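Following: one structure in structure tokens, then a few remarks.
The values are calculated or read from the model by the stated rules, or taken from the named source; none is laboratory data. What you are looking at is a predicted structure, and each value in this text was computed from that prediction instead of being measured. Here the Cβ positions follow ideal geometry from the backbone for every residue, glycine too, while neighbour counts run over all protein chains shown.
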Amino acid sequence: MADIFPFQAYRYNSKRVRLADVLTQPYDKITPAMQERYSRTSAYNLIVVEKGQPAPADSAGDNVYTRAERALQSWIRDGVLVRDSSPGIYVYSQEYTVPGGVERRTRRGFIALGRVEDYSAGVVFRHEQTMTGPKADRLELLRHTRTHTGQLFMLYTDPQRRVDALLDAAMASATPAEARDEYDVVHRLWPVFDAGVLVGVTRAMADQKLVIADGHHRYETAIAYRDQFRAREQHRDPNASYEKVMMTFFNTRSEGLLILPTHRLVAGLSDFEPGAFRGKMASTFDEEVWPFENSAGRAQAFEKFRHELAASASGAPAVGMYAGSAFVLLRLRPGADLAGLLPEVPLALRQLDVVLLHRLLMDKGLGITAAAAVAEQHVSYERDIAVALAAVDEGKAQACFLLNSIGVERVTEIALSGQVLPQKSTDFYPKLLSGITLYRME
């Protein structure tokens, strides 16, 4: 089912630049401070393409999108970006430390082109809702540059690990390019041009269904871009460059896959009072409370709370809450009538903490509707639990809601069933670097 293709990637010329100086995190993870740092690091840093800086004098002929394309043309002309002479796939590994710990893990997949499929075709499946703003920006960039710089993170399931075996053999005879990023993640890339390996991987992937782990906005941008070109053409060419998009494929049965939770911050509510809110939800959620009066007590309370929150991942769904002075665990009450409370929510989703947070605690408890959450009205998102708690302590948020992560198998199960989670329900770590390979639609 999955139609994949080797391709002639553009890659940074290691004789002209140091790889770590020119690659960036994905566009939606780049803060203003990172943007500035990337710009200072190298004149060839991908930041000018991935997330350019607007200027007061921007016009139709000179803006972030036109400057991105001019930069790419210049780098290709000057040999900073070089196109591989033959089609290949690219083994991509990431060695990283699990956040909050010391354990080092390695995640490995491969980069190739994948056919752009409508969701209705039953080949590519999404697991999260998307927002319109990021898609509009990415589409405008793609129109100008005709280049995919970022990676779509795709999951497939191969219990026999047929592709992994082929990649093992290919890596043995090649030397990887390597870069260490700002999060101490070591990224390695092995180009593979062996015809036998390419055919073997393509055939092994042909019966796969693909789940988007990360990059929903970019995938839907690729669909929109494809559809625009299809509308202009009288005869559809299935091999046209716009019918394909660059993807990085990871086997759900391989090692190193990690999903982190994304916590929610709530701010700007005119009538929020923690006790009243908890009372309102008491008919549906039992609560455990760890109060504290000083910093030492806070640390002890937090450790007890965090242990119980983690333990709840294997029991009744639970959501953590912090609004100052106490840590609270809101645990779904036994026998709660979820069918009556959430009749429109599919059975497979009713027991997920992130769904209960959005549909019950936030919507029914705080009046933050699904539409408001998508628009990020009164809601923001934070992966780092310490930053989320600090936002409350510093008065930047009225409360934060803390979640456990969702397992990879649960994500694929939900996606393949045709269901979607609220936005930012999963955070696959680490991110795939932009610019490690580029697909230019020439």
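When the range 387-442 is filtered for residues that are among the small types (Gly, Ala, Ser) and assigned to a loop (DSSP other than H, G, I, E, B), the ones remaining, listed by number, are Gly395, Ala397, Ser405, Gly407, Ser417, Gly418, Ser425, Gly435. Please verify whether Tyr96 is farther than 15 Å from Thr149 by Cα, surrounded by fewer than 20 Cβ atoms within 10 Å (Cβ to Cβ) and of a type in the set (Phe, Trp, Tyr), treating the condition exactly as stated. For Tyr96, the condition - farther than 15 Å from Thr149 by Cα, surrounded by fewer than 20 Cβ atoms within 10 Å (Cβ to Cβ) and of a type in the set (Phe, Trp, Tyr) - is not met.
The one condition from (1) part of a helix (DSSP H, G or I); (2) among the charged types (D, E, K, R); (3) crowded, with 16+ Cβ neighbours inside 10 Å that Asp21 does not meet is (3). All conditions in (1) surrounded by 15 or more Cβ atoms within 10 Å (Cβ to Cβ); (2) closer than 18 Å to Phe249 by Cα; (3) modelled with pLDDT of 95 or more hold for Thr145, with the sole exception of (2). When the range 147-165 is filtered for residues that are within 22 Å of the chain's Cα centre (by Cα) and not aromatic (Phe, Trp, Tyr), the ones remaining, listed by number, are Thr147, His148, Thr149, Gly150, Gln151, Leu152, Met154, Leu155, Thr157, Asp158.
The listed residues are Val49, Val102, Val91, and the only one of them that is aliphatic (A, V, I, L, M), closer than 30 Å to Asp237 by Cα and not in a helix (DSSP H, G or I) turns out to be Val91.
Counting only strands (runs of 3 or more DSSP E) that sit wholly inside the range 258-316, those with at least 3 residues that are surrounded by 15 or more Cβ atoms within 10 Å (Cβ to Cβ) and not aliphatic (A, V, I, L, M) are 285-291. Go through (1) of a type outside the set (A, V, I, L, M, F, W, C); (2) assigned to a loop (DSSP other than H, G, I, E, B); (3) more than 28 Å from Arg230 (Cβ to Cβ) and name the single condition Gly109 misses. Unmet condition: (2). Only one entry in Gly52, Gly88 is in contact with a Lys or Arg (Cβ under 6 Å, 6 or more places away or on another chain) and at negative phi, namely Gly52.
Residue count for the range 205-221 under the criterion of being among the hydrophobic types (A, V, I, L, M, F, W, C) and more than 21 Å from Lys29 (Cβ to Cβ): the result is 3. Between Asp353, Asp393, the distinction of being charged (D, E, K, R) and over 19 Å from Ala313 (Cβ atoms) belongs to Asp393 only.
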